[in-house]
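Report on one structure; see the data block that follows.
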Amino acid sequence: MKFPPVFRNTLTITRLLYDLDVLKAAAGLRPVPPSHIRFLRESSILKSSLFSARIEGNPMTMGDLRRTDMNAQSQDKHVREVTNLVTAYESVGVWKGMPLSRDLLKEMHRAVMVDLSPTAGSPRMEESAIFNAAGVAVYLTPAPKEISRLLDELIAWAGGTNDPPPVVAAVSHIWFEKIHPFDDGNGRVGRLLSSLILVRGDYGFGGIVPFEEYFDAYRQDYYDALGNDRQDVTEFVEFFLEAMVSQVKTSLSSFEDAPVFRHSDLMPRRSEIVEIVREHKLVSFDFISRRFRRIPPRTLHYDLSQLKKFGYIRRLGTTRGALFVMNSVGW
């Protein structure tokens, strides 16, 4: 591919940017309980992490996550891929205050690939190529000696352009992928970079829009648009913006489901627990504890016992594998 990428301001791009601005304004007008926003943000991070991993071949599903101990030190490769991404997406709030640089990109790669690759955080040192399913090389990546210069050009463009942030996020993603600066994990870091750019540009929608879910649902279209070897990346920009519009609409529709508690004396954490049970229908204690990693298990057990006592939830089973469901009496 010839660098730098270029794109055309098509009618489709103009329309999608307009749609995003309308949705952005609509999001600001919807009163949503802070506890529900926190829940949506946590759910979005989990989805972004899962679907970003799935795009690269991870077979896990949302159902698997609910049944799995998401320990950050897990030795299971598939679990570790997701937990690393959760940590990375949670770090976007810190990274947004740092200047985009090669060092930051290496830090992002290290977060994504720690304990998965011996070269986590280190640039590619050998020639590389991207292969299709048949094992045929479809793209020869730049030579390792060119990586630093190409990344500097990307960083300078992203920091100096006046293009709308969603367009910058899209172009930066495909630009990064074509540089292919690391041995592995480039796709995950590229999508993470897009998220960072959107948050910095005030198009993060409060962290509740997992556009990676759209990429996974339309994976072949994503691959086709991303795999285009032409300098003109208009097709990918249009696809990226379409993904954003679709996912923002889906996320905003969940605002309509924000529960209104009949009891005003619930602690915020207990309100969140009720929302989690309501959202997922059947949940285990392990699943709830993973959403409140800093809360001692004894405290969570007490929260659940109080919610059960006052009729918000019911417990199914008496063993350690018991499940919790909503009790209509409490609503």
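What follows draws every value from the coordinates through simple rules; no lab data is involved. Everything quoted here is computed from the prediction, not taken from an experiment. Don't worry about glycine lacking a Cβ; one is built from the backbone with ideal geometry, like all the others, and counts go over all protein chains shown.
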From the Cα gyration tensor of region 11-257, with a ≥ b ≥ c the square roots of its eigenvalues, which class applies: rounded if a/c is under 1.5, or else prolate if a/b is larger than b/c, or else oblate?
oblate
Among R191, R294, R54, residue whose mean-square fluctuation peaks in a GNM of the chain (springs only between Cα atoms under 10 Å):
R294
How would you rank T318, T10, going from fewest to most other Cβ atoms within 10 Å of each one's own Cβ?
T318, T10
Using Cα-Cα distances under 8 Å and only pairs 6 or more residues apart, what relative contact order does region 268-330 have, in percent?
39 percent
Given 0.36 nm per residue, what is the gain on full extension from I37 to M62 after removing their alpha carbon distance, in nm?
7.0 nm
Efficiency by 1/(1 + (r/R0)^6): what FRET value for R269 and Y223, r their Cβ-Cβ distance, R0 = 45 Å, to the nearest 0.05?
0.65
If each of I295 and T119 carries a label point 7 Å out from its Cα toward its Cβ, how far apart are those two points in nm?
4.3 nm
Give me the orientation-averaged projected area of the Cα convex hull of region 268-330, in nm², one decimal.
3.9 nm²
Could you work out which residue, out of L140, L198, L11, moves most in a Gaussian network model of the chain, that is, has the largest mean-square fluctuation with Cα springs under 10 Å?
L11
